[in-house]
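*Asks:* One structure follows; several queries about it will come next.
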2 protein chains.
Amino acid sequence: MVSYKDIQLTTGLSLATISKYFNGGNVRPANREAIDAAVAIHGYRPNAIARGLRSGKSRTVGVLLPALDNDFHLTIIASVEQRLREVNIGVVVATSPSADAATVDLLLGRRVDGIVAVPSPHDVDALSRAAGEIPVVALDWRAPGLDVDGVFLDNRAAGQLAARHLRSHGHTAALVLSPEPPLSSVAARVDGFLAELGPGGVSLAAPLSVDGARDAVASVLASVLGPTDAPTAFFAPNYELTLGALIAINESGRILGRDVSLIGFDGTDLARASRPRLTIIEQPMREIAEEAARTVLDLLQGERAPARERLLAPRLNAGASVARVTDTVTD
Amino acid sequence: MVSYKDIQLTTGLSLATISKYFNGGNVRPANREAIDAAVAIHGYRPNAIARGLRSGKSRTVGVLLPALDNDFHLTIIASVEQRLREVNIGVVVATSPSADAATVDLLLGRRVDGIVAVPSPHDVDALSRAAGEIPVVALDWRAPGLDVDGVFLDNRAAGQLAARHLRSHGHTAALVLSPEPPLSSVAARVDGFLAELGPGGVSLAAPLSVDGARDAVASVLASVLGPTDAPTAFFAPNYELTLGALIAINESGRILGRDVSLIGFDGTDLARASRPRLTIIEQPMREIAEEAARTVLDLLQGERAPARERLLAPRLNAGASVARVTDTVTD
DNA sequence: CCCGGAAAGCGAAACGTTACGCTTTTCGGC
DNA sequence: GCCGAAAAGCGTAACGTTTCGCTTTCCGGG
């Protein structure tokens, strides 16, 4: 391993001077050149580990995710990485399988300077403890009992947005897929939806998976006699549910946006490519992630304020998957 | 920062003994308990940085990606992380924006023990140099001049697979979207396709983007008079191109699998939700990533063999987006 | 040519571990 | 109770930096 020592040997300068140079201190031009030359010869590269030991900072933040299985997670990693690379801070990713409560400790052991996390129930405690030592920013799920800075989607508003869109198209009745067991962020979307839609809103229990949603929707569709009977509008308050619902509808042979209406959640690509184009509620993933990145960075730079929470607004991306209802189904 | 020293103070044991205990050495039961107690009291956590300095290993590997913008990249991170966490090795992600040739150095500065990379042209040199010091495994793109272990899709075979599928459905002519500027992995798919399909294969230049593909396909469709004239089969050798082609077809009002045929690439979700279900060539992302993870791990554990290359086979996931051609279009 | 302040350079200690080679303790067999 | 081997424990140096408080060198003004 090539170190300051090698540079010392070839330049005759002291370690202190070399270090000073590397940290922007003043060094006589001749020595400056000598050091540069020696660096080039030996291919010297500062050792971040030694630096970290000495300084107590690793210039690294941890990104903790419950799994690595969707676009949002990727966006989080990407945004945080991009923002932090600008200031030369590295990103360590860690997933926290539900079996294992030690993932946070793994990050702390690596002496990360901060953590950006999508909390899951089993690491709330560890995150709370961690928050005592380093900045922690929570994302996506407002974990009960975790009092740290956070950036979240306004889930209730998302549900309301979907309901209002249906109402404005003449729908007074609709089914909302309601995951079983519940997940608080999705549950808030369901609540917002039901509250806004009024008595016509019905919740349809389904496992939180593509196939679960497909089966649930398929069995509702099978039990409906004519295509225009009964509730023919669905709200899928999550990407997986959306995918399942869409598959079920397509498999049933019904025409989306005519026989049956659907508002999905996330999955911009899917929405664009669907036929007809799917109307979805989108959460501003990139903004959420960027806001989180900005927040850790502020905290790292010492702006220690009382834990603050930001709620970002959902957007409706309109396609043609919601039929317009007047007296009878038209179009 | 709580360290061995604190434990030394409360137990009276020497640092050497404490260290030995933490590394699985034999320690008298009484002392064992004393240490455990002290650890609990102080909330001690081994300092990976100090360990790393002393041992020269960081127990960290770098994952280098040109960008973080698709499913495959996520799968790579997920698989590598999952595999390495089993043996307590951390994962640092770094993206390498095309402006910047220093991303590899950033990883080396952090003294990663190995690198898994999807190479991009501007960091081939740096990767080559890195390979002299630590194991490097390349993924997805076989960069010319980069002589390291690699795991890739058999791109030619993927093109051939698509062509054979079209032929078996009676198609003798088809357009393949051909990215401009070329990207060698996608180009190999195009080549395989054209070679297998024979003289009926025509390449259609398009920028490597969703909108580029959409425009290219749209203009072809607009110039076709009747729905059954001329080439009505497309092969999109990449996810973005697939998405663009699908959008163009839907927007044109033509019916997929009847008026026009399409074989896409990747995007299992999209394929399932498309109506009709899309026929795609899938690369075994998870396997590729897992194989890469396994390879770094082997290399880290000293199995230093001559650089080896693995080619994984594509799969065809059949939907109903390819029409069966006999004399005239049927169905 | 000398003075003095400013600029540059220096040695040593410290960060938290681990590994080496040694000394001390333990304990079963006599 | 003693011997000796095996087990356990110990002090110290080293990993590559940065920082502290000094000392040395530089250089313009008189």
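*Asks:* Across segment A:262-275, what is the total count of residues that are at negative phi and either in contact with a Lys or Arg (Cβ under 9 Å, 6 or more places away or on another chain) or at the interface with chain B (Cβ under 8 Å from one of its Cβ atoms) (or both)? Walk me through how you get there before you give the answer.
*Replies:* So in segment A:262-275, the residues at negative phi come out as A:262-265, A:268-275.
Checking which are either in contact with a Lys or Arg (Cβ under 9 Å, 6 or more places away or on another chain) or at the interface with chain B (Cβ under 8 Å from one of its Cβ atoms) (or both) leaves us with A:265, A:269-275.
The qualifying residues number 8.
*Asks:* I'd like the full set of residues that are loosely packed, with under 12 Cβ neighbours inside 10 Å and in a loop (DSSP other than H, G, I, E, B), limited to segment B:1-15.
*Replies:* B:1, B:12, B:14
*Asks:* Do any strands (runs of 3 or more DSSP E) lying entirely in segment A:245-331 carry at least 3 residues that are open to solvent by 40 Å² or more (accessible area, probe 1.4 Å), and which ones are they? Spell out how you get there, then give the answer.
*Replies:* Working: elements: A:261-265, A:279-282, A:309-312, A:315-317.
In segment A:245-331, A:309-312 are the strands (runs of 3 or more DSSP E) which contain 3 or more residues that are open to solvent by 40 Å² or more (accessible area, probe 1.4 Å).
*Asks:* Moving to a separate point now. Testing residue A:176 on (1) in contact (Cβ under 8 Å) with a residue 60 or more places away in the chain; (2) under 26 Å from the mean Cα position of the chain (by Cα); (3) assigned to a helix (DSSP H, G or I), one condition comes back false. Which one is that?
*Replies:* (3)
*Asks:* Follow-up. Can you tell me how many residues within segment A:49-73 are open to solvent by less than 10 Å² (accessible area, probe 1.4 Å) and away from DNA strand D (no atom under 16 Å from the Cβ)? Spell out how you get there, then give the answer.
*Replies:* Keep residues of segment A:49-73 that are open to solvent by less than 10 Å² (accessible area, probe 1.4 Å), which gives A:52, A:61-65.
Still in the running and away from DNA strand D (no atom under 16 Å from the Cβ): A:61-65.
The qualifying residues number 5.
*Asks:* Further, regarding this structure: Out of segment A:21-46, which residues are of a type in the set (Val, Ile, Thr) and surrounded by 13 or more Cβ atoms within 10 Å (Cβ to Cβ)?
*Replies:* Of everything in segment A:21-46, those that are of a type in the set (Val, Ile, Thr) and surrounded by 13 or more Cβ atoms within 10 Å (Cβ to Cβ) turn out to be A:27, A:35, A:39.
*Asks:* Within segment A:245-271, count every residue that is within 23 Å of the chain's Cα centre (by Cα) and touching a residue at least 40 places away in the same chain (Cβ under 8 Å).
*Replies:* 8
*Asks:* In addition: When segment A:1-58 is examined, which residues are found to be away from DNA strand C (no atom under 12 Å from the Cβ), more than 14 Å from every other protein chain (Cβ to nearest Cβ) and of a type in the set (Gly, Ala, Ser)?
*Replies:* Passing the criteria: A:37, A:38.
*Asks:* Can you tell me which residue among B:74, B:139 is free of Cβ contacts under 8 Å to residues at least 24 places away in the same chain and either more than 16 Å from DNA strand C (Cβ to nearest atom) or touching a Ser or Thr at 6+ places or on another chain (Cβ under 9 Å) (or both)?
*Replies:* Being free of Cβ contacts under 8 Å to residues at least 24 places away in the same chain and either more than 16 Å from DNA strand C (Cβ to nearest atom) or touching a Ser or Thr at 6+ places or on another chain (Cβ under 9 Å) (or both) holds for just one of B:74, B:139, which is B:74.
*Asks:* Which count do you get for residues in segment B:73-109 that are facing chain A (nearest Cβ under 9 Å) and of a type in the set (A, V, I, L, M)?
*Replies:* Within segment B:73-109, residues that are facing chain A (nearest Cβ under 9 Å) and of a type in the set (A, V, I, L, M) number 10.
*Asks:* In segment A:5-44, what residues are near DNA strand D (Cβ under 7 Å from one of its atoms) and touching a residue at least 24 places away in the same chain (Cβ under 8 Å)?
*Replies:* Passing the criteria: A:22, A:44.
*Asks:* Here's another thing I want to ask about it. May I ask you to say which residue of B:189, B:167 is among the charged types (D, E, K, R), open to solvent by 30 Å² or more (accessible area, probe 1.4 Å) and either touching a residue at least 12 places away in the same chain (Cβ under 8 Å) or not assigned by TED's automatic domain parsing to the domain that holds residue B:119 (or both)?
*Replies:* Working: B:189 fails: open to solvent by 30 Å² or more (accessible area, probe 1.4 Å).
Checking each option against the conditions leaves just B:167.
*Asks:* Tell me, please, whether a residue that is assigned to a loop (DSSP other than H, G, I, E, B) and among the small types (Gly, Ala, Ser) can be found in segment A:107-121.
*Replies:* Among the residues of segment A:107-121, at least one is assigned to a loop (DSSP other than H, G, I, E, B) and among the small types (Gly, Ala, Ser), which makes the answer yes.
*Asks:* Moving on. Restricting to segment B:16-62, count the residues that are under 20 Å from residue A:59 (Cβ atoms), of a type outside the set (Gly, Ala, Ser) and not in a helix (DSSP H, G or I).
*Replies:* 7
*Asks:* Does residue B:291 fit the bill of being among the charged types (D, E, K, R) and not assigned by TED's automatic domain parsing to the domain that holds residue B:186? Quick ask: steps written out before the conclusion?
*Replies:* Details: among the charged types (D, E, K, R): yes; not assigned by TED's automatic domain parsing to the domain that holds residue B:186: yes.
Yes; evaluated as a whole, the condition is true for this residue.
The values are calculated or read from the model by the stated rules, or taken from the named source; none is laboratory data. Computed from a predicted structure; not experimentally measured. Backbone-built Cβ (ideal geometry, glycine too); neighbour counts: all protein chains shown. Ligands, DNA and RNA are stripped out before the accessible areas are found, and what is left, the full protein with its side chains, is counted by its heavy atoms. Shrake-Rupley method; radii C 1.70, N 1.55, O 1.52, S 1.80 Å.
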